[in-house]
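Working notes, beginning with the structure itself.
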Amino acid sequence: AFKILMLEPDKCYVAPGGQKAVFEGLDNKVKVNKSAFSSFKNYYRFDNAEDKMEFISSIDRIIEDTERRYRGDFYTPLVWVDEAHRAMEENFGDDWRDKYMVWDCSWGSGNITREYDFGELYCSTLFKSDFRGTEHLNPGAVKFQYDFLNDDVEEFERILDRKKNNEEIIGTDFAGTKLYKEAPGIIEGLLNDKELVFIINPPFGRGGSSETKGLANSKISTLMKDNNIRRCSEQLYAQFLYRIIKLQEIFNNIKGIGIFSMAKLLTAQSFKELRKILQENYCNVSENFMFPADQFSGASDEWGVLFSVWDSRNLQIKTEFPVQLMDIEENEVTSVGTKNLYNLDYNTSCSDWIKEPVKGMSTEDAPQMKTGLDYYKKP
């Protein structure tokens with residue numbers, strides 16, 4: 001609502017009764033102080049396009065912090081966007097932005113793509129209002145509202161089932177899907193042997209706690225659980241990756257992925273099942289880098305943000321991943337070392353090893369306390 005108010009004030013007005021404001025494009029009215037609302041609307045105006053663009057690029061520091069942190073939305077600083085594009089160039093070539101169709105399926109404020117030119121760019125986002133006032137950003141791109149974790153999931157699964165039954169898949173099979181209606185070029189391009197590359201910074205939000213209950217509920221989350229990929233299904237960026245993998249199973253020519261995520265993607269036991277299916281479709285290449293999360297506005301410096309590159313060629317299963325550690329020193333990005341991230345997907349973990357001697361045995365917890373000073377005795 002705040003973004004609409006700042007960028008398109010003429011589309012915001014106080015509803016009859018004076019207690020709530022209408023923001024065209026939003027379903028719900030917002031409770032406001034009529035006097036303060038009118039004063040703000042009349043006072044704050046952008047004098048030129050440059051000021052408006054600066055506001056859009058700084059939106060992550062302006063929008064409501066609690067809402068952003070709830071979803072795990074962190075808009076990507078441009079310095080790390082540049083590093084991500086460099087990593088993509090190292091693997092896919094300097095001309096990758098022209099050579100491939102490119103889809104940023106979690107567009108947000110457009111930071112991932114707005115400084116670069118593309119031959120065929122598709123930008124989708126959960127909230128259509130994200131596109132307001134962005135006509136000057138990637139003007140040749142196809143921009144459309146699309147819920148990447150919910151839209152067309154059942155329809156695409158039915159198409160995949162047909163493919164597994166050796167039925168031919170053609171354009172009319174997708175005619176009823178929202179993706180075909182909003183961005184037919186993606187479907188038609190893939191069916192005509194064009195290759196697609198994703199570059200994304202998906203939400204880092206995770207469901208499961210009392211504070212984020214319901215956040216990760218999606219059709220893709222349900223599909224992951226149905227396919228025994230359960231433990232990481234509450235993580236939104238894991239869901240984005242799984243949706244891309246499912247698309248690859250249909251089309252086979254989604255060339256690669258560049259994705260910002262947490263390092264858990266490469267290391268955590270909870271991602272073991274996802275890593276298996278991911279590496280059956282994509283090989284992780286050496287252009288991984290990681291930087292302190294506090295480079296994202298409002299995030300802690302106690303964890304790192306990983307950018308990893310995945311290529312559909314030369315598939316191989318890896319358990320070790322070299323990562324360049326990056327930081328900003330004197331306003332410049334510098335490498336501060338290299339770290340090998342690893343997982344134990346195909347080895348015995350300590351937690352499993354310590355259980356080996358008692359596997360299959362009948363055990364019990366003892367002593368079992370009934371108060372701070374007394375315990376239950378066997379009969």
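No lab work stands behind these numbers, since they all come straight from the coordinates. Predicted model only: the values in this text are computed from it and were never measured. Counting neighbours? That spans all protein chains shown, and the Cβs are built from the backbone with ideal geometry, glycine included.
Using only Cα atoms, what is the ratio of the radius of gyration of the stretch 309-379 to 2.2 N^0.38 Å?
Details: Rg = 24.3 Å, N = 71, 2.2 N^0.38 = 11.1 Å.
My calculation over the Cα atoms of the stretch 309-379 gives 2.18.
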Per residue, the convex hull enclosing the Cα atoms of the stretch 104-151 spans a volume in Å³ of 65
Ranked output for segments 242-254, 147-159, 194-206 by mean other Cβ atoms within 10 Å, highest leading, reads 194-206, 242-254, 147-159
Share (percent) of C-alpha pair distances in the stretch 144-271 greater than 26 Å works out to 24
At 25 °C and 0.890 mPa s, the Stokes-Einstein diffusion coefficient in µm²/s for the stretch 75-223, with hydrodynamic radius from the Kirkwood sum on alpha carbon pairs, is 145
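Over the Cα atoms of the stretch 76-127, what is the Rg over Rh ratio if Rh follows Kirkwood? Provide the component values of the computation, followed by the final result.
Values: Rg = 10.9 Å, Rh = 11.4 Å.
Radius of gyration relative to Kirkwood radius: 0.95.
Show me the three semi-axes of the equivalent ellipsoid for the stretch 340-379, from the C-alpha gyration tensor (sqrt of 5 times each eigenvalue), largest first, rounded to whole Å. Please list the in-between numbers first.
Values: eigenvalues 251, 45, 5 Å².
Largest first, the stretch 340-379 gives 35, 15, 5 Å.
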Here the tail fraction of P(r) beyond 17 Å, over all Cα-Cα pairs of the stretch 116-195, rounds in percent to 54
Burial-style ranking of 127-137, 169-179, 350-360, average other-beta-carbon count within 10 Å with highest first, yields 127-137, 169-179, 350-360
Descending packing, highest mean Cβ count within 10 Å first, for 255-264, 180-189 is 255-264, 180-189
Note, Tyr342: beta-carbon cut-off 13 Å, +1 each Lys/Arg, -1 each Asp/Glu, net +3
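Multiply the residue gap between Thr319 and Lys272 by 0.36 nm, knock off their C-alpha separation, and tell me the result in nm, one decimal place.
On the way: separation 47, 0.36 × 47 = 16.92 nm, distance 1.03 nm.
The span from Thr319 to Lys272 would gain 15.9 nm if fully extended.
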Rounded to two decimals, the Debye log10 I(q)/I(0) of the stretch 261-379 (Cα scatterers, no solvent) at q = 0.12 Å⁻¹ is -0.64
